[in-house]
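Just so it is clear, none of the values below were taken in a lab; they were calculated from the coordinates. If you're wondering where the values come from, they're calculated on a predicted model, not measured in any experiment. Using ideal geometry, Cβ is built from the backbone for each residue, glycine included, and neighbour counts are taken over all protein chains shown.
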Amino acid sequence: SAAEKGGYDYFMLKEIAEQPKAVADTLLGRIDGSGSLTLDEVRIPPGVLREIDKVVIVACGTAFHAGMIAKYAIEHWTRLPCEVELASEFRYRDPILDAQTLVIAISQSGETMDTLMALRHAREQGSKVLAICNTNGSTIPRESDAVLYTHAGPEVAVASTKAFLTQLVACYLVALYLGQVRGTKWGDEIRAVIRDLSSIAGAVEQVLGTMEPVRELARSLASKKTVLFLGRHVGYPVALEGALKLKELAYMHAEGFAAGELKHGPIALIEEDLPVVVVVPSPRGRSVLHDKIVSNIQEIRARGARTIVIAEEGDEAVVPYADHLVRIPVTPTLLQPMVATVPLQVFACELATARGNEVDQPRNLAKSVTVE
Ligand code: AGP
């Protein structure tokens, strides 16, 4: 009913708008007065976490994209090797797992069969499994050694939005917690990231307030057949997520690529007026990647692409090559996906509406896939 949708036309719109709160709620109670993490709910004893020598993340779809981003954070903050794998592929290749492996299963619903089978397989090999889940008491957390709940609230639209942002928060918390427990990251550094995380809900809110031009752009592209998405580093999974949203909602051909791969093949796809969305890393810190992606934008534009550039405020280098420029607030590199994903959600939702598609219930899809 309209009341359930809180005045929005679709649950998806409501859930996109709820993201700042969902993010803040997922942080709530998990940081103590001194700015360190208190994840008592993670019932894997610190002694066990100190013995871990590898992290493996399993998930499907959007949750898998959260896992891809988590890999950057986990390896950076813990110096533990981290693999991410589609849950549906995982157990069929006889993965190397033992008691020193921490497996993280990410699932909004907690009922995804592929993810459940992957975690069962991991536990049979003696690995500890930590679930990151949005649904209290669902099967995946029940069958795991521990669970860190995302507090996104019920997500009704088939296309995942607020669950994704809270999965990212939970992944950052786990990465920092592992760093804290294992002593690879010291108090001050953890506190600095926690401070940045605490302000990220406000940054998401800020993005939400500037989406009208993105909606307008989406409507103007309603008759297109293909949209490509490029990103690099943590922007690469963001590009994959943008493409997945567009497939699910707009039923358009959409593909995400690592920008560095362009010249190894995908650049052949570029033709006159093809919309290409580019997620640009911050010019600060990792400026090498920034400069490389700016030359990618130049290259594709020279071949006729219509460039839709998502870039940090103050990044002037992209301006001459952006046919459409979407600004996002300045954030630390690892947290940028939290703000960069939001315009892509809005873009896909508006394109779906413009194409007359059912936004909350896309054809052929189910909210949770309970068969393998
Ligand atoms: C996201 O928009 C999709 N509907 C889908 O990829 C989803 O993320 C995937 O099926 C995993 O679901 P889960 O998080 O409930 O396990």
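Mean sequence separation of contacting Cα pairs (under 8 Å, at least six apart), scaled by the length of the chain, corresponds to a relative contact order of 19 percent. Of the GluC sites (Glu not before Pro) found in the stretch 23-84, those that fall in a DSSP loop while having at most 12 other beta-carbon atoms within 10 Å are Glu41. Counted residue by residue at 0.36 nm each, then reduced by the alpha carbon distance between them, the extension gain from Asp188 to Glu216 reaches 5.7 nm. Taking square-rooted eigenvalues a ≥ b ≥ c of the alpha carbon gyration tensor, is the stretch 283-334 rounded, prolate or oblate, where a/c under 1.5 means rounded and, failing that, a/b exceeding b/c means prolate? Because a/c hits 1.5 or more and a/b fails to exceed b/c, the stretch 283-334 counts as oblate.
Note on the chain: with a GNM built from Cα contacts shorter than 10 Å, the maximum mean-square fluctuation among Arg327, Arg303, Arg93 falls on Arg93. For the chain, the dipole from Cβ point charges (+1 on Lys and Arg, -1 on Asp and Glu) about the Cα centre works out to 240 debye, to the nearest 20.
Rounded, prolate or oblate, given the Cα gyration tensor of the stretch 36-190, with a/c below 1.5 counting as rounded? Oblate.
Our summary gives the stretch 53-101 a relative contact order of 50 percent, counting only alpha carbon pairs under 8 angstrom and 6 or more residues apart.
In the chain, the DSSP-assigned H stretches of four residues or longer account for a calculated mean residue ellipticity at 222 nm of -13500 deg cm²/dmol, using -39500 (n - 2.57) per stretch and the full residue count as denominator. In loop segments of the stretch 248-328 as defined by DSSP, the chymotrypsin sites (Phe, Trp or Tyr not before Pro) with at most 16 further C-beta atoms inside 10 Å of their C-beta are Tyr251. Helix 113-124 and the longest principal axis of the C-alpha atoms of the chain enclose an angle of approximately 30°. Within the stretch 260-309, the GluC sites (Glu not before Pro) that combine a DSSP coil assignment with at most 11 other C-beta atoms in a 10 angstrom radius are Glu271, Glu272.
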